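*Asks:* Right, I'll just put the structure down here and ask away after.
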Amino acid sequence: MSIFALVLLIGTATAAPSPVEARKIEHLIAAVEQLREAKFIRNGTAHDARKAADHLRLKLREAGERVENAEDFIRLCASRSSVSGKPYEIVFHDGRRVTSEAFLSAKLKELQSSYDH
């Protein structure tokens, strides 16, 4: 293999999340899983918290090494349907609706501050 080909291969390779980023991602999924009274809307269909978390884990596995950090996870796996492109939504027991992207971004911000201390 030529040096050029090796450099190209190394330059385009992506890495899996670091252990810290993997923990952040699992914390985000757990935050979804703990919303027992919320409904998660995916492509117009409501799902419970456990099914939503299972779906996010599936999408994370399918994304593979494209997800290098928690921000990638939110953007690539947890914000919208890869089938329809529609945003995922969370409907809380009081009727309040938020996109999963907004919910998870806020959770990540909280998490980041705990890592900064």
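The values are calculated or read from the model by the stated rules, or taken from the named source; none is laboratory data. Note that the structure is a prediction, hence the values are computed from the model and not measured. With ideal geometry, Cβ positions are generated from the backbone for all residues, glycine too; neighbour counts draw on all protein chains shown. For accessibility, only protein heavy atoms count, side chains too; no ligands or nucleic acids. Shrake-Rupley method; radii C 1.70, N 1.55, O 1.52, S 1.80 Å.
*Asks:* Just to be sure, is A46 modelled with pLDDT of 95 or more, open to solvent by less than 80 Å² (accessible area, probe 1.4 Å) and outside any helix (DSSP H, G or I)?
*Replies:* Values: modelled with pLDDT of 95 or more: yes; open to solvent by less than 80 Å² (accessible area, probe 1.4 Å): yes; outside any helix (DSSP H, G or I): yes.
Yes.
*Asks:* Taking the range 86-102 as the search range and keeping residues that are free of Cβ contacts under 8 Å to residues at least 24 places away in the same chain and of a type in the set (A, V, I, L, M, F, W, C), which one is least open to solvent (accessible area, probe 1.4 Å)?
*Replies:* V98
*Asks:* May I ask you to say which residue of V83, V32 is under 21 Å from Q112 (Cβ atoms) and either open to solvent by 30 Å² or more (accessible area, probe 1.4 Å) or not in a loop (DSSP other than H, G, I, E, B) (or both)?
*Replies:* On the way: V83 fails: under 21 Å from Q112 (Cβ atoms).
None of the others qualify; the one that does is V32.
*Asks:* Say whether the condition of being in a loop (DSSP other than H, G, I, E, B) and at negative phi is met by at least one residue in the range 97-116.
*Replies:* As a first pass, look at the range 97-116 and keep what is in a loop (DSSP other than H, G, I, E, B): none.
Looking through the range 97-116, none of the residues is in a loop (DSSP other than H, G, I, E, B) and at negative phi.
*Asks:* Look through the range 49-72, keep the residues that are in a helix (DSSP H, G or I) and among the aliphatic types (A, V, I, L, M), and return whichever of them is most open to solvent (accessible area, probe 1.4 Å). Can you show your working first?
*Replies:* Pass one, the range 49-72, residues in a helix (DSSP H, G or I): 49-66, 70-72.
Next cut, among the aliphatic types (A, V, I, L, M) only: 49, 52-53, 56, 58, 60, 63, 70.
Numbers: A49: 3, A52: 11, A53: 0, L56: 12, L58: 69, L60: 46, A63: 8, A70: 0 Å².
Filtering the range 49-72 for residues that are in a helix (DSSP H, G or I) and among the aliphatic types (A, V, I, L, M), the one most open to solvent (accessible area, probe 1.4 Å) comes out as L58.
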